[in-house]
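Asks: Below is the structure I would like to discuss, written out as structure tokens.
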Amino acid sequence: ATLWASLSKGDISPGREVYVIAPSESLSWRGRMDGDRYQPLGAPGSAKLSDLLINRKIPAEFREALPVVLAGSAILWVPGLPPAESARLSGLTKGALRLTWLGPCLG
């Protein structure tokens, strides 16, 4: 309950960790690719990953080193950005997944 309260208030920065619904697809990661798009949590639609990283002021020297975490072929999370809207937690949930980034702090 305490964790859910922190999550719902936005107290946990996506720079280091996120909590999402555990996807049924397998998880994998890769580097960024031209044309990558996804819908970040709370956004009205999808956006280009490169634009999101620039808008969040992620330093250019870190952008290429960030992992793109995938659920199947869909982007689930990139450190420094919100997780995908499709993985939104909607209350106390069994089967939630915590993803943690141990690289440079991004937010």
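The values are calculated or read from the model by the stated rules, or taken from the named source; none is laboratory data. What you see is a predicted model, and the numbers here were worked out from it, not measured in a lab. The accessibility values were calculated without ligands, DNA or RNA, using every heavy atom of the protein model including side chains. Shrake-Rupley method; radii C 1.70, N 1.55, O 1.52, S 1.80 Å.
Asks: Residues with amide H under 5 Å of TYR38's amide H, sequence separation 5 or more or different chain, H placed in the peptide plane at 1.01 Å from N; which?
Replies: ALA47, LEU49
Asks: Rank these by accessible area, largest first, 1.4 Å probe: LEU52, LEU27, LEU102, LEU81. Intermediate values should be presented prior to the final figure.
Replies: Working: LEU52 30, LEU27 80, LEU102 155, LEU81 0 Å².
Ranked from most to least accessible, the order is LEU102, LEU27, LEU52, LEU81.
Asks: Here's a follow-up. Would you mind calculating the gained length between SER26 and ALA60 on full extension (0.36 nm times residue separation, minus the Cα-Cα distance), in nm to one decimal?
Replies: The SER26-ALA60 span can extend by a further 9.3 nm.
Asks: Can you give the three extents of the C-alpha atoms in the stretch 56-99 along their principal axes, from longest to shortest, in whole Å?
Replies: 37, 21, 15
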